[in-house]
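These notes are about the structure you will find just below.
The values are calculated or read from the model by the stated rules, or taken from the named source; none is laboratory data. Fair warning: this is a prediction, and the values are worked out from it, not measured in the lab. In this analysis, Cβ positions are derived from the backbone assuming ideal geometry, glycine residues included, and neighbour counts consider all displayed protein chains.
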Amino acid sequence: MKVLFFHYSDYLEIGIPGGIAVLSALLKGHGHQVGLFDTTFLKPAAYRRSQNAGSAIFKETPYTLEDLVEDDPIVDLKEAFLKTLKEFQPDLLAVSAMTTNLDEILDVLRQVHPECLVVIGGVHATLEPEEILCEKVIDVLCVGEGEGALVDLCNALEADKDTKEIPNLWLKNNGQVIKNPLRHFQDLDSLPAPDWLIFDKRHLFRPFEGKVYKGSFITNSRGCPERCTYCVNKVIRKIHSGCGSYFRRQSPQKTIHNLKTLKEQHGATWFKLADDTFLLHKVSELEALRDGVKDLAINFGCSVQPLTINAEKVGLAKEMGCVAMTVGIESGNQEIRRKILNRSISNQKLERGIRTIVDAGIRISTFNMIGLPGETRENVFETIKFNKKLGIKAANVYIIYPFPGTEIARIHGTNFRDANGKMIPMNEAAVFNLSRMSPVELEGLRKTFNLYLVLPEAYWGQVKEAEGRDERSQQILHELESLANTYV
Ligand code: B12
């Protein structure tokens, strides 16, 4: 079978999608031929090299991603897709969708109408299967994990066998939808190393502390033990009741094997372990990982769940090559964190955890959300000040987006689609209006959050001026960004 994967991402939003990478490796192992249509490096006509490169808060590298795409031609997405379909002649188009890219994917498919069978999977397919299967351009949908389902589908199609009873797949049949039950969760140790070979090499661009490395995202667990009100994991866990333990970890041996393979195949030496649970592994497992990883001489960053941080585990991560950790603070107000987000950790414990990471000499950044239900401007400043007190120099800050199915979306009756049925883009999340701030004020705080964080309080009056939308505010914003660079 010839299977063409479709990965839709905004221009230059790099990072290898773990789902497609593992599915591709598995299909190749079963003798199928795999191709990829990836929008990440398709330069749109509207693209302009950013004017203010260098003024955002980061350390400059000898070259940037923009340098790497300098000579690329402008490409029309639809034409490029048609060309790939013509050249590759797939038997099956395998599409991966998150909530955030579904509309763009469907736009392309509706314009092109591929002749081959189209199967869709990914987080959004799992969350909203009914909605997606109403689309004429989609034939088959995969709920949950795709490994068993996609291999079974390809093998059956190739052998001209019936595909109607493949677990995890929903199929259209004479105007009806066949909804097959879910299979037991995937054993992570039985999977091959992710296939990065089908991706453009520029996905591996990894700037860190002024140097450029090669690498991308990998995961070594699935599911999540937490039940946060804003996260899709809680919904996905519910859909899968009866499929086994939702949260699963890979064995250290398997993680070592995958890292080794990716280093050998691609020269990758900088990885981002994208799941939140790196330090949830037992000490004995982390020791085994350390023993296998330290000779690989790799660097990595990982996200960690604050309650799992302790000096012994952080020390082991450091010995393996961990140079950066990201911790979800989400809100500096522990009552908001507990009551609104269902994250029970106290500020005191969070602080202790973060200091442990700092003391180990590991660079730290945080995840923060603003625009939370009932939140005030003062609450946002509690989050800024909490980060500041901990000496954080890099904060990821998002306006909360109530994804479909999450508790926050249910409680507040939000719809991620506007009156015309279009998905509300991530960068317009302020319109959900869950907090006590206006969308304009919230957007202003989002763009200046890191300036408040990095610059001394003496500058805060100027930073407030930069919150505005007018030209003068923009000008102040750029000036302050340059100034902030001297503080990091
Ligand atoms: C790494 C990562 C990223 C990376 C890479 C993204 C990518 N495309 O993989 C980057 C940093 C780019 C990223 C960005 C964002 N991300 Co992200 N990301 C992740 C993370 C941590 C890991 C993804 C991963 O590799 N998973 C492991 C693989 C194996 O699982 P999988 O992708 O689900 O694939 C399996 C199945 O879904 C299925 N499947 C997938 N595709 C297909 C296709 C077919 C044909 C079939 C049959 C099956 C199938 O089979 C796979 C194997 O079982 C997940 C959380 C998580 N643990 O999944 C969040 C997650 C996917 N991200 C999320 C979000 C919100 C974002 C952002 C919006 C964040 C932001 N505020 O900017 C952006 C959006 C980017 C965009 N433009 O759309 C949400 C998605 C919510 C949603 N409803 O869509 C998640 C689930 C986190 C969360 N818990 O909320 N992300």
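Which of the strands (runs of 3 or more DSSP E) found entirely inside region 157-222 contain at least 2 residues meeting this: without any contact (Cβ under 8 Å) to a residue 24 or more places away in the chain? I'd like the intermediate steps shown before the answer.
Details: elements: 169-173, 176-179, 205-208, 211-214.
Here the list reads 176-179.
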Out of 330, 378, 319, 407, report the one residue that is charged (D, E, K, R) and on the phi > 0 side of the Ramachandran plot. 330
Run residue 265 past the list (1) farther than 23 Å from residue 316 by Cβ; (2) under 21 Å from the mean Cα position of the chain (by Cα); (3) modelled with pLDDT of 95 or more and report the number of the one that doesn't hold. (2)
Has region 217-226 got any residue that is charged (D, E, K, R), surrounded by fewer than 20 Cβ atoms within 10 Å (Cβ to Cβ) and more than 12 Å from the ligand (Cβ to nearest atom)? no
Within the group 234, 282, which residue is surrounded by fewer than 21 Cβ atoms within 10 Å (Cβ to Cβ), over 19 Å from residue 188 (Cβ atoms) and either out of contact with any helix residue (DSSP H, G or I) (no Cβ under 8 Å at 6 or more places or on another chain) or not hydroxyl-bearing (Ser, Thr, Tyr) (or both)? 234
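So is residue 373 in contact (Cβ under 8 Å) with a residue 12 or more places away in the chain, outside any helix (DSSP H, G or I) and within 16 Å of the ligand (Cβ to nearest atom) or not?
Numbers: in contact (Cβ under 8 Å) with a residue 12 or more places away in the chain: yes; outside any helix (DSSP H, G or I): yes; within 16 Å of the ligand (Cβ to nearest atom): no.
No; evaluated as a whole, the condition is false for this residue.
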Within region 443-461, can you find the residues that are touching a residue at least 12 places away in the same chain (Cβ under 8 Å) and among the aliphatic types (A, V, I, L, M)? 445, 451, 453, 454, 455
Given the criterion under 25 Å from residue 201 (Cβ atoms) and at pLDDT below 95, identify the matching residue among 295, 275. 275
If a residue must be in contact with a helix residue (DSSP H, G or I) (Cβ under 9 Å, 6 or more places away or on another chain) and not in a helix (DSSP H, G or I), how many such residues does region 315-363 contain? 21
Scan region 95-129 residue by residue and report those that are more than 16 Å from residue 37 (Cβ to Cβ) and either in contact with a Pro (Cβ under 7 Å, 6 or more places away or on another chain) or free of Cβ contacts under 8 Å to residues at least 24 places away in the same chain (or both). 99, 127, 128
Restricting to region 82-108, count the residues that are under 22 Å from residue 149 (Cβ atoms), away from the ligand (no atom under 13 Å from the Cβ) and out of contact with any Lys or Arg (no Cβ under 8 Å at 6 or more places or on another chain). 1
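Per-residue answers, yes or no, for (1) in contact with a strand residue (DSSP E or B) (Cβ under 9 Å, 6 or more places away or on another chain); (2) modelled with pLDDT of 95 or more; (3) buried (at least 16 other Cβ atoms within 10 Å of the Cβ):
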position	(1), (2), (3)
321	yes, yes, yes
324	yes, yes, yes
330	yes, yes, yes
338	no, yes, no
342	no, yes, yes
345	no, no, yes
357	yes, yes, yes
364	yes, yes, yes
369	yes, yes, yes
Which of (1) under 27 Å from the mean Cα position of the chain (by Cα); (2) modelled with pLDDT under 95; (3) surrounded by fewer than 20 Cβ atoms within 10 Å (Cβ to Cβ) is the odd one out, the single condition residue 482 does not satisfy? (1)
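Tell me, which helices (runs of 4 or more DSSP H) lie completely within region 400-488 with 1 or more residues that are in the same structural domain as residue 234 (by TED's automatic domain parsing), basic (Lys, Arg) and closer than 25 Å to residue 367 by Cβ?
Details: elements: 407-412, 439-454, 460-466, 471-485.
The helices (runs of 4 or more DSSP H) meeting that bar are 407-412, 439-454.
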Within region 109-124, work out how many residues are among the aliphatic types (A, V, I, L, M), more than 6 Å from the ligand (Cβ to nearest atom) and more than 20 Å from residue 158 (Cα to Cα). 2
